[in-house]
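Just below is one structure, and these are the notes that go with it.
The values are calculated or read from the model by the stated rules, or taken from the named source; none is laboratory data. Predicted model only: the values in this text are computed from it and were never measured. Every residue, glycine among them, receives a Cβ derived from its backbone with ideal geometry; neighbour counts consider all protein chains shown.
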Amino acid sequence: MKGSYSINKSLANNVLLIILLFTSIITLVSAIEKTSTEFIRTSCKKTTYPTLCFNSLSTRAGAIQTSPKLLAQTALSVSLDTTLSTSSSMVKLSQVHGMTPIEVSAMKDCIELLSDSVYELKRSIEEMNRPGSKDHKLIMSDIQTWVSSAMTDEDTCSEGFVNDPKMKNVVRGKIVNVAHITSNALALINSYASLHE
């Protein structure tokens with residue numbers, strides 16, 4: 001009887017210890033996530049579209065933590081994903097019947113510009129992920145140039161639809177979001193680059 005009581009007491013102590021350890025881990029993870037989320041919110045205040053920035057990055061707070069580099073890399077990744085999705089939408093839109101030859105031409109130009117944007121964003125991500133063997137300033141300058149170029153491509157996309165305000169609004173509606181996300185990524189990259197000047 002006595003032996004069974006000491007086994008139960010020992011088991012109860014072990015269970016209590018596991019519960020305390022588990023609770024401590026949850027509290028720690030919650031604190032880290034809160035700190036990461038605050039880091040993202042503060043960093044996004046430096047962008048042109050802070051609410052969009054925070055909304056697009058806060059779901060990845062665990063991966064970003066409080067690293068300016070991981071924040072910039074994640075922003076680039078979100079920009080690439082959004083550009084790919086927008087490009088896919090534009091390809092579907094280009095298959096709508098009833099477009100004039102000018103609209104078809106403008107749509108092809110737009111899809112090509114988005115393709116260029118995807119290429120520039122991919123190059124930027126590859127360079128950001130590459131272990132630092134080159135001059136950091138030169139690497140960041142290249143990335144800033146490519147992301148800026150991607151942004152220009154996105155902005156230029158809707159310019160071919162000047163003769164059709166309805167189609168221009170449809171295209172512009174799709175392009176504005178991706179251009180804003182890319183603008184935010186560039187701001188976060190600039191912020192990261194400034195840490196190493």
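Looking at this structure, is residue 184 part of a loop (DSSP other than H, G, I, E, B), of a type in the set (S, T, N, Q) and in contact (Cβ under 8 Å) with a residue 40 or more places away in the chain? In short, no.
Within the option set 178, 147, 171, being in a helix (DSSP H, G or I) and either free of Cβ contacts under 8 Å to residues at least 24 places away in the same chain or over 17 Å from residue 49 (Cα atoms) (or both) holds for one residue only, 171.
Quick test for you: out of 82, 51, 47, pick the one residue that is among the hydroxyl-bearing types (Ser, Thr, Tyr), under 18 Å from the mean Cα position of the chain (by Cα), at pLDDT 90 or above and surrounded by 21 or more Cβ atoms within 10 Å (Cβ to Cβ). Quick ask: steps written out before the conclusion?
On the way: 82 fails: surrounded by 21 or more Cβ atoms within 10 Å (Cβ to Cβ); 51 fails: surrounded by 21 or more Cβ atoms within 10 Å (Cβ to Cβ).
Exactly one of 82, 51, 47 is among the hydroxyl-bearing types (Ser, Thr, Tyr), under 18 Å from the mean Cα position of the chain (by Cα), at pLDDT 90 or above and surrounded by 21 or more Cβ atoms within 10 Å (Cβ to Cβ), namely 47.
Consider residue 128 carefully, then state whether it is in contact with a His (Cβ under 8 Å, 6 or more places away or on another chain), part of a helix (DSSP H, G or I) and of a type in the set (A, V, I, L, M). No: the conditions fail for residue 128.
Report yes if residue 154 is over 17 Å from residue 90 (Cβ atoms) and either in contact with a Leu (Cβ under 9 Å, 6 or more places away or on another chain) or not polar (S, T, N, Q) (or both), otherwise no. No: the conditions fail for residue 154.
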